[in-house]
1. If you take the residues of segment 266-318 that are farther than 21 Å from N241 by Cα and of a type in the set (S, T, N, Q), which of them is modelled with the highest pLDDT?
2. Please specify each residue of segment 146-174 satisfying the condition of being without any contact (Cβ under 8 Å) to a residue 24 or more places away in the chain and touching a helix residue (DSSP H, G or I) at 6+ places or on another chain (Cβ under 7 Å).
3. Going through segment 70-105 one residue at a time, which ones are of a type in the set (V, I, T) and in a helix (DSSP H, G or I)?
4. Return yes or no: is V246 β-branched (V, I, T) and surrounded by fewer than 19 Cβ atoms within 10 Å (Cβ to Cβ)?
5. Within segment 465-474, is there a residue that is among the small types (G, A, S) and touching a residue at least 12 places away in the same chain (Cβ under 8 Å)?
6. Of the numbered conditions (1) over 28 Å from G289 (Cα atoms); (2) surrounded by fewer than 19 Cβ atoms within 10 Å (Cβ to Cβ), T81 satisfies every one except a single condition; which is it?
7. Here are P268, P252, P227: which of them is farther than 26 Å from R399 by Cβ and within 30 Å of the chain's Cα centre (by Cα)?
8. Go through (1) at pLDDT below 95; (2) closer than 23 Å to A449 by Cβ; (3) part of a strand (DSSP E or B) for A125 and report which single condition fails.
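The values are calculated or read from the model by the stated rules, or taken from the named source; none is laboratory data. What you see is a predicted model, and the numbers here were worked out from it, not measured in a lab. So basically every Cβ, Gly included, is an ideal-geometry build from the backbone, and we count neighbours across all protein chains shown.
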Amino acid sequence: MHQPHATPRPSIYYDYQVFDAWVPPATPDALPATPPPQVVVAGGGPIGLVTALALAQQGIRTVVLESERQVSEGSRAIVFTRRSMEILQQVGVADRITQNGLPWRFGNSFYRGQRVFRMEAPHDADDRFFPMINLQQQYLEEYLIDAAQAHPLIELRWGNRVTAISQTTTHATLTVDTPAGPYELTTPWLVAADGARSAIRTLMDLKLEGSAYEGKFVIADIRVDLPLPTERLAFFDPDWNPGNTVLMHREPHGIWRVDYQLPPNETPEQALAPESLKARIDAQLAMIGHAGAAWALDWCSVYSARTLTLPDYVQGRVLFTGDAAHLLPIFGVRGANTGFQDAQALAWRLALVAKGVAPAALLASYSAERVGAAREIIDEAGKSTRFMTPPTRGFRLLRDAVLSLSLSQPFVGPLYHWRTSRPHEYAHSGLNSAGDDTLLFKAGPGHGAPPQNVQLGADDHLLDHLTHSFTLLYFTGGTALPDDLQHVVSHWQARGLPLRVLAVGNGDTTTPVAGADATLTDPQGRVRQRYGVRASGAAYLLRPDQHVCARWMSVDATRLNAALQAATASTAITAHTGAPA
């Protein structure tokens, strides 16, 4: 029988809650009379919970299986990007993160006591969120759990570990162990979001492809009072850790993250010994001018940098996401932030397939897009990792030359750039419209790109109006959506496709545009300018994950219908327009 830890984890700043384990009833007849889950999510971490929330918000009944009975041990992921916050806004927890996190936009690189590069992430009034915000993972999980527990379509089963899996062409059957013994659970779809040591991946004997770097790194969270701003700090080749790199981040509640590479041949046990941690953290504090500062350790761990991915995230009825699908170095805040994009990309497709609105073939595009994103990230992360921790003598010589030159040659500074995680643009996705006007646009997000936010009012931004649906962003100076477009929209809505029309007027009037679900004002033309729109009748089609799949200088019913058909992998149909699809 599976017996997860039932004692709250120790922490000097976070109060861990131990949840009651879910155990099967003594007889199947004692189960409550609720419909069976349409999706089971294995893994109750941030990626699994975001997936479950996104599915539930699209009407999909979901069971989440979490092998532990409390949130993750230690701060783990602490830096969340603007794009992640936009995704977390979509599932309803961004406000709590904003209220409690530490926003920032600058990163500093130091060599021999001199700042040799300062990174500045873009930020303006059109952005609701800062480029980055720091918050310990425990708090994020807490907010996601609260949201999941409040949703009637999500059931959280704590202390449930998957120990076996079998599949047919129509479902997966799981053996799930609990503190009261095992039970079987059958589901049409299983989402494997069970992390870097994925039990699902192991049970299915799936292998990750890529590279693992030899260096090992210590993460230590300490409580210490440092009068420093919330900015990323990177120290190259410090005297106390020659040839290596040290990173520091401020976290809420007086906590600082210290991250440093170990010398070769030092074991994790040696690195985490109290005397070793004390000597190195004391040396780092002394190097930044705070020798003798009192500090207390909250949590520490050792990790290795890896750039690995499954070649296909769709394995029959099992769909992989987050660290279960790929392992990425933390340099550039890529781990959880990449996982959120996975979850968002998967949830809308799986919801449509589970409801029978789209064919299962749509899921292949999830794998194609997200494996492509992982490989792009691996390429970028590899460059950062090789600079931070040179794997060979040749790479070290090159890195050391850059370090030396940077003391006197400012042009070298950008080579320190850590290639921060950014949202992938699915420019070559098969879901993009082949018959639109994207090549005519001189501005605005192109095929596969996420949308650009625009401030509409004091506390009102464009992305606030996007939900888990397809959105036709229609620019008009008229009072109604053209009849032929209304027919197409109504036709797809009748098929069960979540599709909304946001009309963008060209004045400051709030008069609703007939046929639109909402009307946004654009009195100064700022939305039009940012989206490269020159005339009324232009439109963007956004997928439920908000990425652009079509844009037109002048949209008509036939092309809108064709774009929706392509974006849902649907077979040829005729919308009620009199024109062939």
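1. The residue in question is Q315.
2. Residues satisfying the conditions do not exist here.
3. Hits for segment 70-105 are I87, I97, T98.
4. no
5. Yes, segment 465-474 contains at least one residue that is among the small types (G, A, S) and touching a residue at least 12 places away in the same chain (Cβ under 8 Å).
6. So the condition that T81 fails would be (2).
7. P252
8. (3)
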